[in-house]
Amino acid sequence: MSEASDYYADLGLTPEATPEEIRRAYHKLARELHPDLSNQANATEAFLKVQAAYEVLSDPDRRAQYDQSRGLGGSAGTLANLSILYSRPTLLRINEPQLIFVMMELTAPPEAKTRPSPALNLCLVLDRSTSMQGERLDTLKSTAVELIRHLRPEDIVS
């Protein structure tokens, strides 16, 4: 699944759609967008998106996994969107240390502005290695202090 893909939107449905609604939406769109029947310029791409959405949403296990990855599995909805980018796709199976960088982006969804904020349970791990000497360590410390100042009484930090 690509990051921008929303299988429910691809089928014109909401996450609360029943299996029957998913099946009907897929069959309707498949008839409209099938490359052999449609004159639309992007019919093939649209058909493939609809087909991929149906493959995931029609299988209960895959749908549950997809909903959980989007944060739709619980009753409270999604609390955060997580995007992860690795510096390389695999690690070699060798007996030597290897290095991989991970960039994670955690963002609040738009509907989070209308909900009360849950209590935060935050753990800070500060790097004190030789590469973090001097100005870098000072910046890290001041950023951690500023973050702690913005915490609410119900928040926990360790």
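The values are calculated or read from the model by the stated rules, or taken from the named source; none is laboratory data. Please read all numbers here as calculations on a predicted model, not as lab measurements. No Cβ is skipped: glycine too gets one built from the backbone with ideal geometry, and neighbour counts run over all protein chains shown. Accessible surface is based on the protein model in full, side chains and every heavy atom, while ligands, DNA and RNA are left aside. Shrake-Rupley method; radii C 1.70, N 1.55, O 1.52, S 1.80 Å.
The table that follows gives values for the structure above.
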quantity: Hey, Pro118 of a type outside the set (Ser, Thr, Tyr), in a loop (DSSP other than H, G, I, E, B) and within 20 Å of the chain's Cα centre (by Cα) or not; calculated: yes
quantity: Which numbered condition Tyr66 fails, given (1) at pLDDT 80 or above; (2) surrounded by 13 or more Cβ atoms within 10 Å (Cβ to Cβ); (3) more than 20 Å from Gly12 (Cβ to Cβ); calculated: (3)
quantity: Which numbered condition Ile84 misses (of (1) among the aliphatic types (A, V, I, L, M); (2) within 17 Å of Ser5 (Cβ to Cβ); (3) in contact with a strand residue (DSSP E or B) (Cβ under 8 Å, 6 or more places away or on another chain); (4) surrounded by 12 or more Cβ atoms within 10 Å (Cβ to Cβ)); calculated: (4)
quantity: Subset tally (residues that are of a type in the set (A, V, I, L, M) and loosely packed, with under 14 Cβ neighbours inside 10 Å) for region 1-47; calculated: 5
quantity: Exclusive hit being touching a Leu at 6+ places or on another chain (Cβ under 8 Å), modelled with pLDDT under 90 and over 22 Å from Gly12 (Cα atoms), set Leu91, Leu85, Leu124, Leu99; calculated: Leu124
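This table checks each residue for (1) among the charged types (D, E, K, R); (2) open to solvent by 70 Å² or more (accessible area, probe 1.4 Å); (3) farther than 22 Å from Ser158 by Cα.
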site: Leu106; (1), (2), (3): no, yes, no
site: Pro110; (1), (2), (3): no, yes, yes
site: Asn121; (1), (2), (3): no, yes, no
site: Leu124; (1), (2), (3): no, no, no
site: Gln133; (1), (2), (3): no, yes, yes
site: Thr139; (1), (2), (3): no, yes, no
